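The values are calculated or read from the model by the stated rules, or taken from the named source; none is laboratory data. Note that the structure is predicted; figures quoted are calculated from it, not measured. Heads up, the Cβs are rebuilt from the backbone with ideal geometry, glycines too, and the neighbour counts pull from every protein chain shown. In case anyone asks, the SASA skips ligands and DNA or RNA and just uses the protein heavy atoms, side chains included. Shrake-Rupley method; radii C 1.70, N 1.55, O 1.52, S 1.80 Å.
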Amino acid sequence: MTEIREQIGRYGAWVSSRALTPEVAPALESAGYGALWLGSADSELTGAEQALDATSTLVVATGIVNVWQTDAVSLARAYHRVAGRHGDRFVLGVGTGHRETFQQYQQPYETLAGFVDTLLDAGVPATRIVLAALGPKVLRLGAERTAGVHPYLVPPEHTRWARAEIGAGPLLAPEHKAVLDPDPERGRALGRQTVERYLGMVNYTANLRRLGFTDDDLAGRGSDRLVDAVIAHGTADQVATRLDEHLRAGADHVPVQVLGDDLLAGYRTLAPVLGLSARAGG
């Protein structure tokens, strides 16, 4: 079985399931992105399967399926259905989400560990599972029991710390948001619209505090310092330079979440600056 990092290259695209229109996956594949990370993926894996059906080489990963929305046996069954048709092009990302969103959120670490055990017992290969992870316990769980981890809303400083926590072997694929706008104020303003949604979620704020952000940074809609840390904004060259900091900090792969009205235009503009090669038909 092919190792994930050999398939997905250095950059992928993180796209919300709500934004997954039929042309998205083929366009990303044509632009040269190695993987599509599908945010808030459905537990039947329908969106992932449709993206795989529409492409021939693109790896599709769920980023993530939430463990509170399904049971592991059903998800394993869905995995085998998709993997049976598309082989190693599918990666199953799972995680616990946030206590502010799910009423049943209790004992998240124990629940996630048990969920992974059930997936493995049901024949889902550890090499095709990744975990959403921010803190040390889940980072180590992902490193020890699965192919690796997929942190979200993190600056390169977290990537450096996470790599030290998990060691050299496991996959480390931190998501990072991008706004292609040369005007700093406009770029920061658009990024802040997204960042502020997460500042009421304790998992994110605790992780950001661990990285040295203060109550002032996390207050209201977030400080400029915070927004600049988790949103790469500027020209395509400036955005690419920021994203590359994750790779230099120890990431294997960076799923880029482009923000703005025309996602595909943004991904196409960014691709050559990231060193991606357009494929035939793009």
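Observations on the structure shown:
- Summed side-chain charge close to R10 - residues other than R10 whose Cβ falls under 13 Å, Lys, Arg +1, Asp, Glu -1: -2
- Where a label projected 7 Å from the Cα of E196 along Cα→Cβ would reach, residues of region 238-278 with amide N under 19 Å: 259-261
- Subtracting the Cα-Cα distance of Q106 and R85 from their residue separation scaled by 0.36 nm leaves 4.1 nm.
- Distance between the C-alpha centres of region 156-218 and region 1-65: 22 Å, rounded to the whole angstrom.
- Whether region 146-282 is rounded, prolate or oblate, judged on the alpha carbon gyration tensor where a/c under 1.5 counts as rounded: oblate
- Rolling a 1.4 angstrom probe over the protein heavy atoms with all chains in place gives the chain an accessible area of 41 Å² per residue.
- Net charge of Cβ neighbours under 14 Å - reference T214; Lys, Arg +1; Asp, Glu -1: -1
- Cα gyration tensor, region 230-282 - rounded (a/c under 1.5), prolate or oblate: oblate
- Computed over region 20-76, relative contact order equals 39 percent, with contacts defined as Cα pairs under 8 Å that lie 6+ residues apart.
- Shape call, the chain: gyration tensor on alpha carbons, a/c limit 1.5: oblate
- Heavy-atom accessible surface of the chain: percent carbon and sulfur, 1.4 Å: 49 percent
- Charge tally around T46: other residues with Cβ under 11 Å, Lys/Arg +1 each, Asp/Glu -1 each, net -3.
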